[in-house]
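Reviewing the structure listed below.
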Amino acid sequence: MLAVLLQTLPFFGIIALGYGAGRTGFFTPEATAYLTKFVFYFALSAMIFKFSANLTFSDIWLPEALIAYLWATAVVYLIVTCAALLRRLSVEEAAVEAQCGVIGNVGFLGIPMLVLLLGEPAIVPVMIVLVVDLLFFGSLIVILITGSRDGRVSLGVLQTVGKGLLQNPMIVSIFLGLAWSALQIPIPDVMNNFVSILGAAATPGALFAIGASLASKSAERIAVAAWLSVSKLVLHPIAVAFAVLFFIPLDPYIAGVIIAAAALPTAGNVYILAAHYGVAPSRVSATILVSTSASVLTVSGVIAWVSAF
């Protein structure tokens, strides 16, 4: 545990550095927004494209892993939703809280950290988690919120969901890379060096951006934030561990990476959606702050456990 904690500390140290820069005003919210855009649209996309371009469809086609992760995540999603509805919250608020309880920071934290700590083959199961989160649950929250407000799910909602997916650079990078691989076109040295250099900026840039963005987050409604953080950091990885080890047993390495990915703290894009629709943004903000702070220990513990097998 201590050895893994020492390995993860540099990652969280960069997050802390970004937090300090944002908290002191050295890094303004506007600067944070532009750094996030650079990482999201350029550096991280280049990293993902390089990884996926060196994979084949058969490498990433792991239906058992996809089903196990989807099933376990759906169970926790329903638990958090029921807990919200029992507190007499609206469907919109319940959907946002459920999103907090199951959607981890796979893009900005998971890909850089898990690939470096668990090895480059970790990119395959991490990409499966990312695709499930974005395609299924990222679409579900939009459908639930807009459907609740309109009283029905219209064609316009589905068009909005589809447009959002097509505009997500992580999804585009994955499928462009796989398409490049399927065509069996060698990556020219110049292009390979280009995406390698650009992708190398993803890890420090993403971690710093996470920290700087946390500086603007508040810790209001701490009791709810604590419950949602427990759901994300504890319930979610436990459910996924049960699914990939007992329900649909997977290769131990793949199972371990998926469990580690499930243990990641709540993703920042949940706040973007909450703020966009005006549904409990302060609650989401507090959850991101609490879960990210606590994940220094919980993520290290989970990685130490999965590394054993």
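No lab work stands behind these numbers, since they all come straight from the coordinates. In this text the structure is predicted, and so the values were computed from the model without any measurement. In this analysis, Cβ positions are derived from the backbone assuming ideal geometry, glycine residues included, and neighbour counts consider all displayed protein chains.
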Q. Given H placed on each backbone N at 1.01 Å, which residues far from residue 27 in sequence or on other chains put an amide H within less than 5 Å of it?
A. 22
(Q) Quick one: 3J(HN,Hα) in Hz for the stretch 238-250, Karplus 6.51/-1.76/1.60 with θ = phi - 60°, rounded, Gly and Pro as x. (A) 5, 4, 5, 4, 4, 5, 8, 9, 10, 5, 10, x, 10
Q. Given H placed on each backbone N at 1.01 Å, which residues far from residue 104 in sequence or on other chains put an amide H within less than 5 Å of it?
A. 267
Q: Figure the gain on full extension for residue 59 and residue 194 (residue separation times 0.36 nm, minus the Cα-Cα span) and round it to one decimal in nm.
A: 46.2 nm
Q. For labels at residue 5 and residue 33 in the simple 7 Å Cα→Cβ model, what's the distance in nm?
A. 3.9
Q) So, with +1 on the Cβ of K and R and -1 on the Cβ of D and E, and no other charges, what is the size of the charge dipole of the chain about its Cα centre, to the nearest 20 debye? A) 660
(Q) Given a 10 angstrom Cα cut-off, can you work out which residue in 244, 75, 190 is the most mobile in a GNM of the chain? (A) 190
Q: Could you sort 5-13, 269-277 so that the peptide with the highest average Cβ count within 10 Å comes first and the rest follow in order?
A: 269-277, 5-13
Q | Relative contact order %, the chain, counting alpha carbon pairs below 8 Å whose residues are six or more apart | A | 35
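Kindly state, as a whole number, the per residue volume in cubic angstrom of the convex hull around the alpha carbon atoms of the stretch 79-125.
In the stretch 79-125, the Cα convex hull volume per residue is 83 Å³.
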Q: Work out, step by step, the length gained on full extension between residue 82 and residue 184: first 0.36 nm times the residue separation, then minus their alpha carbon distance; give nm to one decimal.
A: 32.0 nm
Q | Radius of gyration and Dmax over the Cα atoms of the stretch 243-309, both given in Å | A | 15.1, 43
Q) Per residue of the chain, what 222 nm ellipticity follows from adding -39500 (n - 2.57) for every DSSP H run with n ≥ 4, rounded to the nearest 500? A) -23000 deg cm²/dmol
Q. Distance from the Cα centre of the stretch 209-288 to that of the stretch 17-35, in angstrom?
A. 23
**Q.** lysines with Cα under 21 Å of residue 163, excluding same-chain neighbours fewer than 8 positions away
**A.** 37
